[in-house]
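Some notes on the structure that comes next.
Read-outs throughout are calculated quantities, based only on the coordinates presented, and are distinct from any laboratory measurement. Predicted model only: the values in this text are computed from it and were never measured. FYI the Cβ positions are ideal-geometry reconstructions off the backbone, even for glycines, and counts take in every protein chain you see.
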Amino acid sequence: MLVADFHIHSKYSRATSKEMDLEVLDKWAVIKGINVLGTGDFTHPAWFSNIKEKLEPAESGLLKLKQGVSQTRFILTAEISCIYSKNGKVRKIHVIIFAPSFFAVEQIRARLDSIGNLKSDGRPILGLDAKELAKIVFSVSPECLVVPAHAWTPWFSIFGSKSGFDSIEECFEEYAKYIYAIETGLSSDPAMNWRLSGLDKIALISNSDSHSPSKIGREANVFDVALSYAEIAKAIREKNPQKFLYTVEFFPEEGKYHYDGHRSCNVRLSPPESKRYNNICPTCLRPLTIGVMNRVEQLADRAEGFKPESAIPFRRLVPLIEIISECLDTGPSSQKAILGYNNLIEKLGSEFNILLSASEADLAAAATPEIAEGIVRVREGNIQIEPGYDGVYGKVSVFSKLEKREITMQKTLL
């Protein structure tokens, strides 16, 4: 089994941690249980130089650190922000590029460098039609993959309510037949995407889009393939459930664009509620930011709950540090929560093993009763979530307020 997170960012992208360098990413990949990690940002000159300096070829199309004996493999990826006008509307589409070699990356970078400033940001903004980006990438190598990123977020995505399209064909035109996957993003899950028959032939991949090392793997893809770029790309292109086993997902309600709303007004609305207000904020009377759930509803041609025969399964999780911090009644960045996290990793292995595979008996032996029960509840989907909206993450509760009080009282009596 091979766990992959393809979409991350380097320290050269805006609003990212200075710790996003290759050695730290390698360390966290081991902690999380990730076998293949995207390099991110290969278009940025300094980051690409860093990649070439610190990584060396491993299995075909994959890379590894030159120093040490880590089993983590890196795959060459980058995200491009395409901002352009098409059909009378400004479009803002983020696209992930997968490349099979340094040579392919160098050619892509040379072509894009003549279009925009690649030094400005790890995720460069280019005045380039997404279709033209696909044309450039595929002309360099047909082995490349072009994947619309976080496909439903309002502001910067192929289906986004603010600047997107209604179909892959409308966006990529004659190159749509070469788009084999979309990234569902944190605010949607495969079940929501299954409602669109136009996506039946499209693989639904999930990645962290991480800006800090500890957030890698919050979404991921699980394969049963040989360790190589070609085999991973083939499993995605063919959408083969024998090779592409499942994706690991956020609960979409936890994503920061699931519901509609206005962050500045503290207004969060479900799609039916937004409809009653004609998509106008009841507080400031300006248009609402229409979220992912609403946008899926607009484009869906199937009822909720439909599952295509060719669907790749998925499993939902809540990050382990969030479960631990709730059980300890402290913040995720507190020393108490981090100590509890490190203790569990030491006892039970990677975070993915703990969240997805460890037996209840092993959890009970290694963790406090509250944390062990919390992990089981997440596996069962037995949680409460206040949905995210307009850039605000949803709030997950594994235990109700009454249960938390009971846990607190039990601790006091010990």
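What are the GluC sites (Glu not before Pro) within the range 273-338 that DSSP puts in a loop, where the Cβ has at most 12 other Cβ atoms within 10 Å?
On the way: sites: GLU273, GLU297, GLU304, GLU309, GLU322, GLU326; in loops: GLU304, GLU309.
Answer in residue order: GLU304, GLU309.
So in the chain, what percent of DSSP beta bridges are antiparallel if you round to the nearest 5?
Details: 35 of 51 bridges.
Counting DSSP beta bridges with both partners in the chain, the antiparallel share is about 70 percent.
Using Cα-Cα distances under 8 Å and only pairs 6 or more residues apart, what relative contact order does the chain have, in percent?
Details: 888 pairs, mean separation 62.8, N = 414.
Reported relative contact order: 15 percent.
Could you work out the helix-only [θ] at 222 nm for the chain, with each DSSP H run of four or more residues adding -39,500 (n - 2.57) and the total divided by the number of residues, to the nearest 500 deg cm²/dmol?
Numbers: 14 runs with 131 residues, N = 414.
My calculation for the chain gives -9000 deg cm²/dmol from helical runs alone.
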Alpha-carbon centroids, the range 179-227 and the range 338-362: separation in whole Å: 24 Å
Unit charges on C-beta of K, R, D, E only; dipole of the chain, Debye: 800 debye
16 Å Cα-Cα reach of LYS18 towards aspartates and glutamates, excluding residues that sit fewer than 8 places from it in its own chain: ASP26, ASP41, ASP121, ASP209
In range of the label at SER49: residues from the range 105-149 whose backbone nitrogen is under 13 Å from the point 7 Å along Cα→Cβ: 119
Antiparallel content of DSSP bridges confined to the range 245-374, in %, to 5: 55 percent
Unsatisfied cross-links (Cα-Cα over 26 Å) in the set LYS66/LYS215; LYS89/LYS395; LYS32/LYS119; LYS131/LYS256; LYS275/LYS395: LYS89/LYS395; LYS32/LYS119; LYS131/LYS256
Rounded, prolate or oblate (a/c below 1.5 giving rounded, otherwise prolate when a/b exceeds b/c) for the range 235-368 by Cα gyration tensor: oblate
Within a Gaussian network of the chain (alpha carbon springs, distance under 10 Å), most fluctuating of ASP26, ASP301, ASP209: ASP301
Cut-off under 5 Å, modelled amide H: who pairs with PHE244 long-range: ASP224
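Given Cβ point charges of +1 (Lys, Arg) and -1 (Asp, Glu) and nothing else, what value in debye, to the nearest 20, does the dipole of the range 319-413 about its Cα centre take? Could the numbers behind the result be given before it?
Working: 9 positive and 14 negative charges, 43 e Å.
With only Lys, Arg, Asp and Glu charged at Cβ, the dipole is about 200 debye.
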